[in-house]
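Read the figures in this text as sums done on the coordinates, not as results from a lab. Predicted model only: the values in this text are computed from it and were never measured. Backbone-built Cβ (ideal geometry, glycine too); neighbour counts: all protein chains shown.
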Amino acid sequence: MLSGKSILITGSNRGIGFELSRMILHQEGKLLMACRDMRAGQEAADALKKDVRKGDITLKYMDYTRPETLSALVKDVSEEMKQPLDCLVNNGAIIGNGWDKETYDLTLRTNFKGPLELTTEFAPHMAPGSSIVQVSSGFGELSYCSEGYRERITSAKTLDQLWDQCKEIDVSSSMASENKPCYKVSKAMLNQSVRIQAPKLAECGIACNAVTPGWCRTRMGGPEAPRSAAQGAESILWVILNGSVASGVTGGFWKDGQPKDW
Ligand SMILES: NC(=O)c1ccc[n+]([C@@H]2O[C@H](COP(=O)([O-])OP(=O)(O)OC[C@H]3O[C@@H](n4cnc5c(N)ncnc54)[C@H](OP(=O)(O)O)[C@@H]3O)[C@@H](O)[C@H]2O)c1
């Protein structure tokens, strides 16, 4: 079903992104693996080539914490490819623990600002019928945020407002007693960005959805997780295959093909 379609996946050298890459190749898609560690990316691409022997792989460099690499990626891909990108999957992320300025800044930069910049820069180069997938988390549900953060996030009606209202850590927030608090805020913000961006992108025929892979056995999820990385990737694959403005699958938050509460 993805034959000939171009799909760019960030953070695809390991974990869920790697398993998703394998699935794209099995469906004979044109896979663009975007990684911040080119050596790890090359090893992953070689392993997939050897294993799958279908589809097409191009390896690209990007790092969400270095904005110039995001602009360079968009320019490079848009100039190089004969057709516009069919699907952008913002999958790469970090989970860091603690409630301090350094962790907060790095987590928001990696999990929210970077994916958002890549989305906003790629969108003008995407055609009607294409799709953007923001890989979020169950931890991105608003119920995990303190009342103060919930208010800051949900009251934002534009991306600038969302950033302005959340960019500084509130060290006195009750988030401090949460597990993985910066990650939770970053993914709740990513979800809100989908709600803000989806209607505008839909006017251009571009779908935009958030999806959670569920708790999976990866470096991030740890060995105790109940799901395999491949099961998590399946949840994302469903959105890649079904996200479309024409069919109304846009502006949602999904898990295993089912809508999920924000
Ligand atoms: N695993 C779970 O239980 C779970 C649950 C819910 C949601 N998720 C979400 O699923 C996605 C994939 O998670 P995973 O479990 O596969 O994680 P993972 O195994 O830790 O892999 C994370 C990927 O993100 C990349 N990455 C980290 N920082 C980056 C940056 N600054 N720029 C670009 N790429 C960067 C990593 O690259 P390096 O190899 O260079 O570090 C790696 O390829 C994430 O968005 C995560 O939040 C995971």
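Brief remarks on what is shown
- Dipole magnitude (debye, nearest 20) for the chain, charges at Cβ of Lys, Arg, Asp, Glu: 520 debye
- In loop segments of the stretch 198-262 as defined by DSSP, the trypsin sites (Lys or Arg not before Pro) with at most 13 further C-beta atoms inside 10 Å of their C-beta are Arg219.
- Exposed GluC sites (Glu not before Pro) absent: longest stretch of the chain, with sites in DSSP loops and at most 16 other Cβ within 10 Å deemed exposed: 29-167
- Placing a pseudo-label 7 Å from each Cα along the Cα-to-Cβ vector at Glu151 and Asp256 gives an inter-label distance of 3.7 nm.
- Extension gain, Ser71-Asp46: 0.36 nm per intervening residue step, less the Cα-Cα distance, totals 6.4 nm.
- Sorted by Cβ density within 10 Å, fewest first, the residues Leu70, Leu48: Leu48, Leu70
- Only one residue of Leu241, Tyr183, Ser172 has its Cα farthest out toward the positive end of the dipole of the stretch 153-260, where Lys and Arg carry +1 and Asp and Glu -1 on Cβ, and that residue is Leu241.
- Inter-probe distance in nm under a simple model that places probes 7 Å from Cα toward Cβ, at Glu28 and Thr58: 2.0 nm
- Proximal lysines to Lys200, defined as alpha-carbon separation beneath 19 angstrom and excluding residues fewer than eight positions away on the same chain: Lys113, Lys157
- Annotation: the antiparallel percentage among DSSP beta bridges lying fully within the stretch 6-257 is about 5.
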